[in-house]
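Notes to accompany the following structure.
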Amino acid sequence: MNWCALPISRLEKEFGINVKNGLCRKNVREALRIFGQNIIEKKQKKSIIRKFFEQLCNDATILILLFAGLISFITALLESSNDYVDTILIIAIVLLNTLIGLFQEEKAEKAIDALGKLTESKTLVIRDSREQQISTAAVVPGDVILLSAGNFVPADARVVESIGLETEESSLTGETRGIKKKVIPNFSSNMSLTSQQNMVFAGTSVMTGRGVAVVVKTGMNTQVGKIAGMINKVATSKTPLQKKLTKIGRILGIAAVVICVIVFVLGIASGIPLQETFMVSISLAVAVIPESLPAIITIVLAAGVRKLAKQKTIVRKLPAAETLGSVSVICSDKTGTLTENKMNITVMTDEKHEIKKNSKKTEFILTLASLCSNLKICKSFINKKVFGNQTEIAIVSECEKIGLKKSILDKKFKRLKEIPFDSKRKMMITAHKFGEKIRVIAKGAPDILLKNCVKTQTGVLDKTGFKKIKNLNINLAKQGLRILAVCYKDVNFLPKNETDLQKNLIFVGLLGMEDLPREGVKKAVKICKTAGIKPVMITGDQLETAKSVAAKIGFDKNGLSITGEELETLNQTQLIKNINKYSIFARTTPAHKMRIVQAFQTRGEIVAMTGDGVNDAPALKAADIGCAMGISGTDVAKGAADIIFADDNFSTIVEAVKQGRGIYDNIKKTIYFLLSSNIGEILTVLTSSLLNLPIPLLAIQLLWVNFITDSFPALALTAEPIDKNIICRKPNKNSANMFSRFSCYTMMVEGAFIGAISFLAFTIGKIFFDRGNDPFIGRSMAFTVLSLSQVFHVFNVRSDRSIFCSKFFSNKKLIFSFVLCVFLQFSVIAIPTIGRFFRTVQLSSLQWAIVLLLSVSPLLLVEIEKIIKTKVFFDRS
């Protein structure tokens with residue numbers, strides 16, 4: 001059906017509705033049954049079997065192991081030895097690793113699905129003759145939807161009312177300019193999307209104005225639904241950290257090949273059997289590559305995202321969880337983020353002085369301000385649902401206190417025209433029928449409206465009068481009040497040119513609204529300074545108001561302030577040069593916000609930017625972390641953001657940065673542990689090869705260490721609690737390497753020490769207990785020392801401070817993994833049936849004592865170093 005050509009009456013008949021009343025419950029249920037939910041079908045999820053085989057085929061390490069298992073099987077078959085132990089164990093380890101990877105993938109997918117539910121969008125509709133907010137998925141054909149600036153359009157719909165309504169349809173047409181929407185039927189034969197000016201389409205957004213539309217298509221029947229197949233083909237990109245790890249993986253892969261070749265050649269030269277040399281070389285190559293890292297990174301991020309969600313921070317894009325720890329500048333809006341966004345009118349003035357409440361002047365100014373607002377009230381103002389911004393709520397609330405009901409005013413003085421508020425114009429204008437005349441009412445920024453005023457209610461507005469009003473405005477702003485000017489004029493007819501509506505106005509008065517700073521914001525600002533993070537206020541409010549609020553919440557007293565008008569006089573080079581001097585930006589536009597963010601980034605800062613309006617979207621996208629407000633934020637702002645703060649609170653942003661640093665720290669600890677442990681494994685085997693000694697660790701023993709006593713503690717490290725002093729550190733520099741030179745040095749020293757004690761255990765066992773025979777005891781001792789020393793080493797990695805200075809049992813998963821790994825390693829040595837698989841023998845009490853002493857030595861050595869470094873014995877008080 002050609003919905004564009006239908007008049008509104010025909011449209012109502014098609015769906016059996018009246019646009020003022022909307023659908024009834026019965027019709028909604030029937031429509032849901034017929035058309036289903038308003039959702040775009042997602043890419044079909046992979047089956048468990050497919051995921052299992054992808055885990056097998058997409059991991060180079062697994063393929064290397066399978067190749068090694070095949071060689072082992074063929075060798076055993078050719079030699080008729082029936083010794084398939086290595087083959088069986090390799091397959092078992094491969095299956096275990098694949099199942100763990102599969103579990104981790106499923107867990108990560110569930111975490112992302114849960115986040116999707118947290119960010120479900122809402123739509124304002126008329127049903128059963130009242131406005132109500134419903135899930136966008138519940139929208140059905142025939143629903144009457146209410147659209148305003150910042151909304152995403154939930155479905156394809158026919159416009160039945162348009163007040164300056166413009167939509168941005170680039171997602172469908174590639175056209176970035178706003179498309180003005182009309183109500184009149186369109187009989188044109190050109191049915192391209194851009195020509196359908198009385199239609200709005202799912203997935204597009206409202207740029208300005210407001211409107212009412214009747215839904216005609218939902219879900220897969222919409223224009224965006226038709227191209228859903230193309231959308232579903234878009235691949236998920238890797239996070240920046242995963243890309244960095246992939247690069248490290250390539251370097252380690254080359255190192256693995258080189259070491260593998262060296263060990264293989266030296267083994268053959270030493271007369272070691274070909275199969276044994278080959279298997280050890282392959283196993284060592286596997287040991288070089290920390291193959292569990294990608295899965296562990298996913299777990300760390302997923303766990304961090306879940307923690308953040310509990311603290312009212314919804315992460316929409318996983319890379320944001322990594323970047324949070326590096327934030328060095330937080331650009332925050334004032335209203336609703338630093339303040340409570342609970343407006344209360346405390347002062348009203350005329351052109352000369354403050355006026356008393358409950359006076360005729362008060363009634364006049366509030367009547368005008370109430371008429372020039374779009375607040376929607378369901379039933380009464382007490383304990384009811386309201387739809388509108390806090391400024392208009394304050395106005396209408398004050399009206400009702402003196403007995404003026406907006407609903408009655410709206411009926412008495414019918415609205416004829418409206419020019420919606422936008423961030424550039426900084427005013428809203430409405431026109432109403434006032435008897436035989438038309439009254440034009442304007443409310444908005446005093447400094448903007450005053451330029452358009454020529455009179456006051458007592459006479460001509462001369463320079464003296466203008467100066468008085470300006471001083472009144474400044475004095476109120478210095479008290480931290482948000483100021484609105486109210487003006488009007490009476491005309492005989494509406495001018496054709498909209499700009500003529502705002503000219504030659506009569507100034508009525510100022511409304512001063514108090515918006516108190518949020519509880520905890522002052523403390524959060526102080527924490528920011530301690531953490532090396534610069535808090536910056538970017539607001540559309542007046543400079544004096546912004547400075548007053550900034551002083552109350554503890555902003556830098558030495559920080560400079562600048563207005564958008566002054567900003568216009570600076571070119572970008574000048575702004576970049578001086579950007580760090582400024583802490584307050586007032587009377588800014590969306591274009592200014594973009595310039596500010598980019599200037600900070602050019603200076604090497606990592607910028608988090610908060611925003612709630614449709615025009616904030618470009619700055620949110622430009623920032624390293626775009627933060628949308630969950631309560632006051634528009635759909636467009638939320639769609640552009642990386643993170644949504646459910647409570648619109650600045651304190652939550654600071655807490656999120658703290659969590660981000662914790663996530664980054666746990667990733668670093670895990671990588672540090674795996675790499676230092678792998679260095680120990682490599683050096684143990686490489687040293688014996690260079691000294692022409694028997695191989696100290698068999699292939700199956702290396703695989704056990706790599707997949708069991710490496711992986712379980714590494715996984716447990718991801719659950720390490722955040723250091724309480726983490727917020728006191730300076731931000732992580734984005735350009736800096738993950739590890740400092742000193743950290744790389746200590747990593748190699750600790751890894752070398754683990755390799756040294758493992759080789760020492762092998763030497764002691766071979767010389768003193770094997771006595772020239774096959775080194776079964778030496779290998780068993782080396783195998784156990786290598787496994788247990790890494791398990792003890794994980795406690796070194798937990799913190800830079802001594803384990804006695806921190807809560808030892810704070811990470812229960814780590815304690816459990818320690819106990820589990822010790823038990824498993826003990827079982828491999830102490831239980832003969834299991835020992836046969838791993839070519840180990842039982843150890844005597846003396847041998848166990850040597851093994852335990854060597855295994856615990858890395859922990860004792862690093863503890864001594866930490867105690868000396870932190871002077872713990874002197875600083876405990």
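The values are calculated or read from the model by the stated rules, or taken from the named source; none is laboratory data. Keep in mind the model is a prediction, meaning the values are calculated, not measured. A quick note on method: Cβ atoms are made from the backbone with ideal geometry, for glycine too, and the neighbour counts reach across all protein chains shown. Quick note on the areas: whole protein, heavy atoms, side chains included, nothing else; ligands and nucleic acids left out. Shrake-Rupley method; radii C 1.70, N 1.55, O 1.52, S 1.80 Å.
Simple spin-label model, 7 Å along Cα-to-Cβ: I34 to N578 in nm?
With each label point 7 Å from Cα toward Cβ, the separation is 6.4 nm.
Work out the P(r) tail for region 646-767: percent of alpha carbon pairs separated by more than 21 Å, whole number.
Details: 3971 of 7381 pairs.
For region 646-767, the fraction of Cα-Cα distances above 21 Å is 54 percent.
For labels at I803 and N221 in the simple 7 Å Cα→Cβ model, what's the distance in nm?
Calculated label separation equals 6.5 nm.
Give the calculated FRET efficiency between K478 and K46 to the nearest 0.05, with a Förster radius of 35 Å applied to their Cβ-Cβ distance. Please report the intermediate quantities before stating the final value.
Working: r = 62 Å, r/R0 = 1.76.
For K478 and K46, the calculated efficiency is 0.05.
Hey, can you grab everything whose amide H is under 5 Å from the amide H of N344? Only 5+ residues off in sequence or another chain; H modelled, so Pro and N-termini drop out.
Distant-sequence amide H within range of N344: E514.
Once the other residues with Cβ under 12 Å from the Cβ of R158 are scored (Lys, Arg +1; Asp, Glu -1), what is the net sum? Mind dumping the intermediate values first?
Numbers: positive: R10, K181, K182, K217; negative: E12, E14, D143, D156, E161.
Taking every other residue near R158 into account, the sum is -1.
If you average the alpha carbon positions of region 304-373 and of region 698-713, how far apart do those two centres end up, in angstrom?
56 Å
Please list 3J(HN,Hα) in residue order for region 432-439, calculated via the Karplus relation 6.51 cos²θ - 1.76 cosθ + 1.60 where θ = phi - 60°; whole Hz, with x for glycine and proline.
10, 7, 10, x, 7, 10, 10, 9
Please list 593-603, 146-156 highest first by mean number of surrounding beta-carbon atoms within 10 Å per residue.
Values: 593-603: 21.0, 146-156: 23.6.
My ranking of the peptides, most packed first, is 146-156, 593-603.
Round to a whole number: what % of the accessible area of region 817-864 belongs to carbon and sulfur, probe 1.4 Å? Provide the component values of the computation, followed by the final result.
Details: 1980 of 2410 Å².
Reported share for carbon and sulfur atoms: 82 percent.
With contacts defined as alpha carbon pairs under 8 Å and 6 or more residues apart, what's the relative contact order of region 378-490 in percent?
Across region 378-490, relative contact order equals 19 percent.
If you average the C-alpha positions of region 568-593 and of region 151-169 separately, how far apart do those two centres end up, in angstrom?
34 Å
Hey, what does the equivalent ellipsoid look like for region 460-592, semi-axes from the Cα gyration tensor as sqrt of 5 times each eigenvalue, largest first, whole Å? Write out the running numbers ahead of the final one.
Numbers: eigenvalues 236, 75, 36 Å².
They are 34, 19, 13 Å, listed largest first.
Please report the accessible area of K182 (heavy atoms, 1.4 Å probe, ligands and nucleic acids excluded) in Å², nearest 10.
Ignoring ligands and nucleic acids, K182 comes out at about 100 Å².
Tell me, what is a quarter of the convex hull surface for the C-alpha atoms of region 720-798, in nm² with one decimal?
7.1 nm²
Considering all projection directions equally, how large on average is the shadow of the alpha-carbon convex hull of region 1-51, in square nanometres?
Working: hull surface 24.3 nm².
With every direction weighted equally, the projected area is 6.1 nm².
Quick check: the distance between the Cα centres of region 658-696 and region 811-867, to the nearest angstrom?
What the calculation gives is 17 Å, centre to centre.
Considering Cα pairs under 8 angstrom that are at least six residues apart, work out the relative contact order of region 486-559 and quote it in whole percent.
Numbers: 39 pairs, mean separation 19.9, N = 74.
Computed over region 486-559, the figure is 27 percent.
On each of the three principal axes of the Cα atoms of region 671-719, give max minus min coordinate, whole Å, ordered largest first.
42, 20, 7
With just the Cα atoms of region 402-528, tell me how far they stretch along each of the three principal axes, in Å, largest first.
Principal extents (largest minus smallest coordinate, Cα): 59, 38, 32 Å.
Stretch I408-A92 to full length: gain in nm at 0.36 nm per residue minus the Cα-Cα span? Before the final figure, lay out each step's value.
Numbers: separation 316, 0.36 × 316 = 113.76 nm, distance 7.79 nm.
Extra length from I408 to A92 when fully extended: 106.0 nm.
Gain in length, A752 to N558, computed as 0.36 nm per residue apart minus the alpha-carbon separation, to one decimal in nm?
On the way: separation 194, 0.36 × 194 = 69.84 nm, distance 5.07 nm.
Stretched out fully, the A752 to N558 stretch lengthens by 64.8 nm.
Return a whole-number percent for the relative contact order of region 701-808, with Cα pairs under 8 Å and 6 or more residues apart as the contact set.
The normalised contact order for region 701-808 reaches 32 percent.
If R0 is 35 Å, what FRET efficiency do you get for D647 and S9 from their C-beta distance, rounded to 0.05?
E(calc), rounded to 0.05, equals 0.20.
If you place +1 on the Cβ of every Lys and Arg and -1 on the Cβ of every Asp and Glu, how big does the dipole about the Cα centre of region 537-582 come out, in debye to the nearest 20? Please list the in-between numbers first.
Details: 5 positive and 6 negative charges, 56 e Å.
Computed charge dipole of region 537-582: roughly 280 debye.
Using the Cβ atoms and a cut-off under 12 Å, what net charge is assigned to the surroundings of Q311, where Lys and Arg are +1 and Asp and Glu are -1? Write out the running numbers ahead of the final one.
Working: positive: R306, K307, K310, K312, K658; negative: D647, E655.
Net charge in that neighbourhood comes out at +3.
Provide the gained length on full extension for the span I448 to K317, in nm with one decimal, where the gain is 0.36 nm per separating residue minus the Cα-Cα distance. Intermediate results must be reported in sequence, preceding the final value.
Values: separation 131, 0.36 × 131 = 47.16 nm, distance 3.92 nm.
Working it through step by step, the gained length comes to 43.2 nm.
Note down the accessible area of T458, probe 1.4 Å, to the nearest 10 Å².
Here the residue's solvent-accessible area equals roughly 100 Å².
Measuring with a 1.4 Å probe in the full set of protein chains, what accessible area per residue, in whole Å², belongs to region 387-544? Intermediate values should be presented prior to the final figure.
Numbers: 7660 Å² over 158 residues.
On a per-residue basis, 49 Å².
Give me, ordered by chain and number, the residues 5 or more places off S121 or on other chains with an amide H under 5 Å from its own placed amide H.
Those lying under 5 Å, H to H, from S121 are T136.
For S47, what accessible surface area do you get with a 1.4 Å probe? Give it in Å², rounded to 10.
60 Å²
Provide Y745, Y488 ordered by accessible surface of protein heavy atoms (probe 1.4 Å), highest first. Walk me through the intermediate numbers first.
Numbers: Y745 135, Y488 25 Å².
Result, largest first: Y745, Y488.
Going by a ≥ b ≥ c, the root eigenvalues of the Cα gyration tensor, does region 557-616 fall in the rounded group (a/c under 1.5), the prolate group (a/b larger than b/c) or the oblate group?
Numbers: a/c = 1.37, a/b = 1.17, b/c = 1.17.
Judged from the Cα gyration tensor, region 557-616 comes out rounded (a/c under 1.5).
How large is ³J(HN,Hα), in whole Hz, for each residue of region 354-367 in order, when computed from phi with the Karplus curve 6.51 cos²θ - 1.76 cosθ + 1.60 and θ = phi - 60°, using x for Gly and Pro?
5, 10, 6, 6, 6, 9, 4, 5, 4, 4, 5, 5, 6, 4
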